[in-house]
């Protein structure tokens with residue numbers, strides 16, 4: 001009764017050996033000296049098919065041709081022969097793997113729009129906007145640039161950012177002061193900065209934008225999110241201009257390092273009604289009569305320079321509005337300034353912010 005090669009469970013498939021060839025090889029290992037006719041009879045296949053299989057095994061180094069007139073084959077030592085075959089297959093796989101980058105580049109070049117056509121893709125709806133906001137961050141490999149301000153079509157928090165930061169992608173974000181005044185906004189930004197985000201703030205920021213690896217940008221077309229419409233800008237001179245705009249804003253923006261400095265919990269009492277009287281307990285007084293500035297004043301200066309309104313500053317610091325304004329006046333006197341811009345300049349010169 002002939003042997004059915006289909007009954008063999010292939011164990012050499014990873015080495016590129018098919019089921020029939022493995023059956024022939026196993027038969028040769030068991031018998032030591034085989035011919036096409038003998039293999040054909042034993043495995044129940046045609047003689048020509050058996051001969052082709054023996055030739056393939058010889059090419060792969062698993063069999064060798066024996067001397068004499070007859071077409072006879074003998075098996076090579078399995079450990080040596082199979083390991084040599086695996087090394088050859090590994091080299092082929094490495095060569096294929098090295099070609100992947102080239103194939104990916106070809107794919108992206110084929111997918112990318114031409115510089116002057118289809119550079120802008122219009123999106124409709126919050127779902128499409130959210131999809132692209134997540135996609136841009138997940139596809140980023142080097143850097144994400146963002147201009148951030150209210151309102152928000154989805155939510156203020158960005159759960160994708162910590163994951164992307166953990167993969168070594170840099171984030172540079174310019175916030176509008178209004179973003180810091182969102183409920184929990186400053187705490188959320190503090191968490192992102194602790195994870196590696198570089199954050200700055202710039203008054204008067206009117207644009208929302210996210211750019212991934214300077215290859216794509218996502219912008220809402222309006223800050224009225226009753227009907228969400230946005231655009232994805234692909235590689236083009238328009239995208240180059242948007243990146244330049246971000247860099248311009250970044251240079252002008254104020255670092256948030258001092259605004260986000262850690263404050264001990266409950267170091268100031270809740271706001272009391274402004275009844276015209278001094279607060280029973282003011283925040284930490286400026287202890288340095290001459291040089292230096294205390295942490296509260298340093299944080300106050302940074303918030304003022306960032307463009308936050310008085311009410312927002314007082315709320316973030318946990319002070320009453322009256323206390324906050326009295327501290328501002330005291331700082332003006334110390335710095336010889338008549339307005340907040342001059343106070344910011346003088347504070348920067350002294351290294352206070």
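The values are calculated or read from the model by the stated rules, or taken from the named source; none is laboratory data. Everything quoted here is computed from the prediction, not taken from an experiment. All Cβ positions, glycine included, derive from the backbone under ideal geometry; neighbour counts span all protein chains shown.
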**Prompt:** In the stretch 13-29, is there at least one residue being loosely packed, with under 11 Cβ neighbours inside 10 Å and either touching a strand residue (DSSP E or B) at 6+ places or on another chain (Cβ under 7 Å) or modelled with pLDDT of 70 or more (or both)?
**Reply:** no
**Message:** Going residue by residue through the stretch 44-60, is there one that turns out to be closer than 17 Å to residue 74 by Cα, touching a residue at least 40 places away in the same chain (Cβ under 8 Å) and surrounded by fewer than 21 Cβ atoms within 10 Å (Cβ to Cβ)?
**Reply:** no
**Request:** Taking only the stretch 300-317 into account, find how many residues are assigned to a helix (DSSP H, G or I) and touching a residue at least 24 places away in the same chain (Cβ under 8 Å).
**Result:** 12
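Take residue 216 and decide whether it is at pLDDT 90 or above and crowded, with 19+ Cβ neighbours inside 10 Å.
Values: at pLDDT 90 or above: yes; crowded, with 19+ Cβ neighbours inside 10 Å: yes.
In short, yes.
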**Asked** Of the residues that make up the stretch 251-274, is at least one at pLDDT 85 or above, within 23 Å of the chain's Cα centre (by Cα) and surrounded by fewer than 17 Cβ atoms within 10 Å (Cβ to Cβ)?
**Response** no
**Prompt:** Of the residues that make up the stretch 115-135, is at least one modelled with pLDDT of 90 or more and part of a loop (DSSP other than H, G, I, E, B)?
**Reply:** no
**Request:** Being buried (at least 21 other Cβ atoms within 10 Å of the Cβ) and either at positive phi or part of a helix (DSSP H, G or I) (or both) is the filter here, so list the residues in the stretch 318-330 that pass it.
**Result:** 323, 324, 327
**Request:** Please go through the stretch 161-188 and pick out each residue that is at pLDDT 90 or above and in contact with a helix residue (DSSP H, G or I) (Cβ under 9 Å, 6 or more places away or on another chain).
**Result:** 161, 162, 163, 164, 165, 169, 171, 172, 173, 174, 175
**Hits in the stretch 60-81 (condition: in a helix (DSSP H, G or I) and farther than 13 Å from residue 29 by Cα)** = 80
